[in-house]
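The values are calculated or read from the model by the stated rules, or taken from the named source; none is laboratory data. None of these values were measured; they are calculated from a predicted model. Here Cβ is always computed from backbone atoms with ideal geometry, including for glycine, and neighbour counts include all displayed protein chains.
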Amino acid sequence: MNFRPGWPLSLFFLFFFPLTLSLGVWQVNRAQWKTQLVAEYENKMSAPAEAVTEDSQALDHIWIQGVVDKNRIKYWDNRTLNGQVGYELLVPVALDQNHHDIDFALVNMGWLPAPERRSELPALPAVPAQINWQGVLRKITLQEPESSDAQQVVQAADVAVFAQANETWLPFLIQLDPLQPYGLMENWQPTTMPPAKHRGYAVQWFGLAATLVILFLVAGYRRGNTR
């Protein structure tokens, strides 16, 4: 039996086989990283909450005390829960002296369904003046402080929209535990894609790589035996 795949087929195989193989390996690595991230999140959430400080890190389980600035509450637009469009309620909190050099923190109280009319906003739920809340720290956009946006709706959880001159803000978004007083529905997870989905994609890429090998061998031997 003669194996003569020819140059066009060989070049095709040499390009796409390593590509599909590397994409499969990348998905495996992503699955491993996401598994570690979820495990870290679960471990931190099972531990007692600690007071937030300037040394706090993403996914830390923290608590804060302070006063809600009700004049700067905003709706985070285009947030979905189970396929339904809505908003998330972003609440600035002036922290008390337990939090050292941090003046303000931004808290996500959770998700609200959007009204039928796009021109309307959800009714503002009860928000206390004084709070003692627990939650988890999320990474958010950080920019230089700007003047506060007068609009009630924002497109991102950006501290720059809320910060005013000479204010020091916590460089994270606090995702309020939905079991806390006044907590709303939660639609956040530490990863946007679970590890199982990455593993499923890896299987698909490796399966495609195996298919390329089989087709390359079959075509090569068939071409060689027809000469």
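Data overview
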{"read-out": "Wholly enclosed strands (runs of 3 or more DSSP E) of the range 26-117 bearing at least 2 residues farther than 24 Å from residue 129 by Cα and not assigned by TED's automatic domain parsing to the domain that holds residue 204", "value": "74-81, 84-95"}
{"read-out": "Of the criteria (1) modelled with pLDDT under 95; (2) out of contact with any helix residue (DSSP H, G or I) (no Cβ under 8 Å at 6 or more places or on another chain), which one residue 195 fails", "value": "(2)"}
{"read-out": "Test: residue 11 is more than 30 Å from residue 103 (Cα to Cα) and either in the same structural domain as residue 206 (by TED's automatic domain parsing) or modelled with pLDDT of 90 or more (or both)", "value": "yes"}
{"read-out": "Every residue from the range 117-139 that is in contact with a helix residue (DSSP H, G or I) (Cβ under 9 Å, 6 or more places away or on another chain) and crowded, with 18+ Cβ neighbours inside 10 Å", "value": "136"}
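Each row is one residue, and each column tells you yes or no for (1) within 26 Å of the chain's Cα centre (by Cα); (2) at pLDDT below 90; (3) within 30 Å of residue 213 (Cα to Cα).
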site	(1), (2), (3)
25	yes, no, yes
35	yes, no, no
53	yes, yes, no
79	yes, no, no
120	no, yes, no
